[in-house]
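Trainee: What follows is a single structure, and I will ask about it in a moment.
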Amino acid sequence: MSDALSWTTASKEFGTVDAKDDLYRTHADSDLDSQVTETYYWTFFNAEANLHGYVYFMMRPNLRVGTCGVFAHIGSKRDYLAAEYFDFRTYMSDAFVDAQGNILTSTGLRIDFIDPMKKMRIRYVDKSRAFELDMLQDAVHPPMVRANGKHFEQTMRVTGSVVLDGVSYSLNHFAIRDRSWGERRPESGRIGPPYTWMTGVHSENLAFTIGAFDDPERNPNWRHLYSVDRSELVRDAWIWDRGQQLRFARISKITERDADGITPARNIIDCETSAGSRYRFVGQITANLPWKTWQNAMCHVGLTRWTSPQFDGEFLGITAEVQWNHYISKVCVPVTS
């Protein structure tokens with residue numbers, strides 16, 4: 001698996017970025033390969049309504065096109081088009097940036113970088129579908145940067161509202177966004193197990209992102225299909241713990257699945273930081289949407305309610321799990337009449 005998902009790999013160190021790295025095509029000429037991507041990801045949710053949504057860009061800057069759009073849904077769906085609102089364009093032109101680096105797409109999706117790396121306003125209106133999104137995302141923590149300096153994740157405070165089927169829902173929560181650029185993402189399929197990217201924010205004092213494969217010793221449903229070296233189980237992981245920006249020294253996770261054999265239902269993570277602190281995080285996925293970023297990959301994305309014996313109360317985050325044809329074909333439970 002060493003060559004698979006190469007862009008997800010992080011070292012034990014952190015990299016650095018500056019404000020300009022938040023703006024599109026800052027490094028567009030660093031690699032002219034057609035597989036180079038630039039991504040933006042912002043999420044929003046209303047826990048009381050079990051509402052979960054995305055704003056996402058996955059652009060191919062050397063082709064000057066890419067995928068971008070918005071979706072929002074309540075609860076779990078069998079298909080992405082069952083979302084209460086979904087509008088993504090696969091071949092969106094990337095001629096959407098103004099002189100200040102703000103984004104306005106031809107569909108009306110607007111992202112204003114009020115203060116890059118610190119504050120952005122995101123707006124989108126579709127009157128024909130009675131859908132409207134207006135949110136501010138304000139940085140809570142500095143960006144957590146992969147050592148190669150081409151990807152970061154960042155804890156944000158989200159405020160605003162989303163109108164779905166004419167009903168307005170308030171937004172007032174923590175979330176983790178991400179941004180990447182300058183790396184190649186091949187669209188080929190993979191023969192291997194699912195890769196799970198999980199985020200959670202308990203408070204201003206604690207937030208994490210963990211990207212990992214299941215631990216084979218916890219008996220995942222792919223154990224008889226694939227062999228993954230333990231050194232490759234964790235691709236990227238960090239935690240913000242009471243002002244400290246830390247990597248993990250050890251992680252073991254398992255994702256339990258629904259009756260269909262593939263849909264993520266619950267994550268159980270046991271981990272230890274480089275400073276020696278130990279945690280268990282248990283995440284119940286309550287609003288899942290199966291979605292295809294590109295045709296050879298299925299990505300289950302969903303609102304996740306976390307608990308931990310180390311912290312009081314429930315807190316929220318996201319599970320995004322990528323699966324490929326070989327895995328799904330082997331473990332998905334057939335439809336019966």
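The values are calculated or read from the model by the stated rules, or taken from the named source; none is laboratory data. In this text the structure is predicted, and so the values were computed from the model without any measurement. No Cβ is skipped: glycine too gets one built from the backbone with ideal geometry, and neighbour counts run over all protein chains shown.
Trainee: Is it the case, given these coordinates, that residue 156 is at pLDDT 95 or above, among the aliphatic types (A, V, I, L, M), under 30 Å from residue 252 (Cα atoms) and touching a strand residue (DSSP E or B) at 6+ places or on another chain (Cβ under 6 Å)?
Mentor: Yes: the conditions hold for residue 156.
Trainee: Considering region 222-242 alone, what residues qualify as being closer than 22 Å to residue 318 by Cα and over 22 Å from the mean Cα position of the chain (by Cα)?
Mentor: 242
Trainee: Going through region 142-173 one residue at a time, which ones are hydrophobic (A, V, I, L, M, F, W, C) and more than 19 Å from residue 111 (Cα to Cα)?
Mentor: Hits for region 142-173 are 144, 145, 147, 164, 167.
Trainee: Here is a further query. Return the residues of region 293-332 that are under 18 Å from residue 221 (Cα atoms) and part of a loop (DSSP other than H, G, I, E, B); say none if nothing qualifies.
Mentor: 332
Trainee: Shifting gears a bit: Can you find a residue in region 192-214 that is more than 30 Å from residue 142 (Cα to Cα), modelled with pLDDT under 95 and not hydroxyl-bearing (Ser, Thr, Tyr)?
Mentor: no
Trainee: Separate question: Yes or no: region 58-66 includes at least one residue that is touching a Lys or Arg at 6+ places or on another chain (Cβ under 7 Å) and either free of Cβ contacts under 8 Å to residues at least 60 places away in the same chain or more than 23 Å from residue 136 (Cβ to Cβ) (or both).
Mentor: yes
Trainee: Given 90, 105, which one is polar (S, T, N, Q), buried (at least 16 other Cβ atoms within 10 Å of the Cβ) and either under 25 Å from residue 182 (Cβ atoms) or in contact with a Lys or Arg (Cβ under 8 Å, 6 or more places away or on another chain) (or both)?
Mentor: So the residue among 90, 105 that is polar (S, T, N, Q), buried (at least 16 other Cβ atoms within 10 Å of the Cβ) and either under 25 Å from residue 182 (Cβ atoms) or in contact with a Lys or Arg (Cβ under 8 Å, 6 or more places away or on another chain) (or both) is 105.
Trainee: Does residue 105 qualify as being touching a Ser or Thr at 6+ places or on another chain (Cβ under 6 Å), of a type in the set (Ser, Thr, Tyr) and at negative phi?
Mentor: no
Trainee: Checking residue 290 against (1) more than 14 Å from the chain's Cα centre (by Cα); (2) part of a strand (DSSP E or B): exactly one of these is not met. Which one?
Mentor: Of the numbered conditions (1) more than 14 Å from the chain's Cα centre (by Cα); (2) part of a strand (DSSP E or B), the odd one out for residue 290 is (1).
Trainee: Hand me the list of strands (runs of 3 or more DSSP E) wholly inside region 194-283 holding 1 or more residues that are surrounded by 16 or more Cβ atoms within 10 Å (Cβ to Cβ) and in contact with an Asp or Glu (Cβ under 6 Å, 6 or more places away or on another chain).
Mentor: Those strands (runs of 3 or more DSSP E) span 195-203, 206-212, 244-257, 264-273.
Trainee: Sticking with this one: All but one of (1) of a type in the set (Ser, Thr, Tyr); (2) farther than 24 Å from residue 66 by Cα; (3) surrounded by 22 or more Cβ atoms within 10 Å (Cβ to Cβ); (4) touching a strand residue (DSSP E or B) at 6+ places or on another chain (Cβ under 8 Å) hold for residue 308, so report the exception by its number.
Mentor: Single failed check for residue 308: (3).
Trainee: Quick one: would you say residue 33 is surrounded by fewer than 19 Cβ atoms within 10 Å (Cβ to Cβ) and either without any contact (Cβ under 8 Å) to a residue 12 or more places away in the chain or touching a His at 6+ places or on another chain (Cβ under 8 Å) (or both)?
Mentor: no
Trainee: Given the criteria out of contact with any Cys (no Cβ under 6 Å at 6 or more places or on another chain) and either farther than 30 Å from residue 109 by Cβ or surrounded by fewer than 19 Cβ atoms within 10 Å (Cβ to Cβ) (or both), does residue 180 qualify?
Mentor: no
Trainee: Would you check which residues across region 22-61 are part of a loop (DSSP other than H, G, I, E, B), closer than 20 Å to residue 135 by Cα and charged (D, E, K, R) and list them?
Mentor: The answer is none; no residue qualifies.
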